[in-house]
Amino acid sequence: MNPDASTIAAGAPIEVDLSPVAEGQDIKVFWRGKPIYISHRTKKQIEEARAVNVASLPDPQSDEARVKSGHDQWLVVIGICTHLGCIPIAHEGNYDGFFCPCHGSQYDTSGRIRQGPAPANLAVPPYQFVSDTKIQIG
Ligand code: FES
């Protein structure tokens, strides 16, 4: 049985099938009225995220801490810029991550802030893998 639309809007968990999402592709879903970006990262994107000196970041956090172990190719973040709340664009900007056109914040392939006025990384919502190709958000 699936929850009805009003239950989902109130914040019920949602399940997302990842199997149609090709490597290098992002999808956007909505949870609790918020846009959630799910990125199927390439090996190169993961390597880029892990090659960074974490201590040099404005909001220091390792890539490993932002993804689920064993599912490192999947990045799941709330698509709301931590500056003033605009919705960043995926696969844009200097770091191949997310670019916020409002005031120029640049996030990397781990959703971490790298440049611009945003003070913090894109938030990671609560989620878990319920199978190898399916996550539950919330
Ligand atoms: S709201 Fe994103 S940079 Fe200002």
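The values are calculated or read from the model by the stated rules, or taken from the named source; none is laboratory data. As the structure is a computational prediction, the values presented were derived from the model and not from experiment. Because the Cβ atoms are built from the backbone with ideal geometry, glycine has one as well, and the counts that use them run over all protein chains shown. SASA here: full protein model, heavy atoms, side chains in, ligands and nucleic acids out. Shrake-Rupley method; radii C 1.70, N 1.55, O 1.52, S 1.80 Å.
Provide the per-residue ³J(HN,Hα) series for the stretch 24-29, in order, calculated from phi with Karplus coefficients 6.51, -1.76, 1.60 and θ = phi - 60°, each as a whole number of Hz, with x at glycine and proline positions.
x, 9, 10, 10, 10, 10
Once neighbouring chains are kept in place and the probe is 1.4 Å, which whole percent of the accessible area of the chain is contributed by carbon and sulfur?
Values: 3630 of 6960 Å².
With neighbouring chains kept in place, the figure for the chain is 52 percent.
Compute the accessible area per residue over the stretch 14-138, keeping the other protein chains in place, probe 1.4 Å, unit Å².
Details: 5900 Å² over 125 residues.
For the stretch 14-138, the per-residue accessible area is 47 Å².
Tally Lys/Arg at +1 and Asp/Glu at -1 over every other residue whose Cβ is under 10 Å from the Cβ of Tyr95; what's the total?
Result for the local shell: -2.
May I ask you to work out the translational diffusion coefficient for the chain at 10 °C, viscosity 1.306 mPa s, via Stokes-Einstein with Rh from the Kirkwood sum over Cα pairs, reported in whole µm²/s? Numbers along the way, then the final one.
Details: Rh = 15.2 Å.
This corresponds to a translational diffusion coefficient of 104 µm²/s.
Counting Lys +1, Arg +1, Asp -1, Glu -1, what net charge surrounds Gly116 among other residues with beta carbon under 13 Å of its beta carbon? Walk me through the intermediate numbers first.
Values: positive: Arg112, Arg114; negative: Asp59, Glu92, Asp108.
Neighbourhood net charge equals -1.
Among Gly85, Trp31, Gly70, flag the residue with its Cα farthest along the positive direction of the charge dipole of the chain, charges on Cβ as +1 for Lys/Arg and -1 for Asp/Glu.
So the residue we want is Gly85.
Only Lys, Arg, Asp and Glu count, each charged at its Cβ (+1, +1, -1, -1), so figure out the dipole size of the stretch 17-137 about its Cα centre, rounded to 20 debye. Please list the in-between numbers first.
Values: 12 positive and 13 negative charges, 57 e Å.
Using Cβ point charges on Lys, Arg, Asp and Glu, the stretch 17-137 gives about 280 debye.
Using Cα-Cα distances under 8 Å and only pairs 6 or more residues apart, what relative contact order does the stretch 17-137 have, in percent?
23 percent
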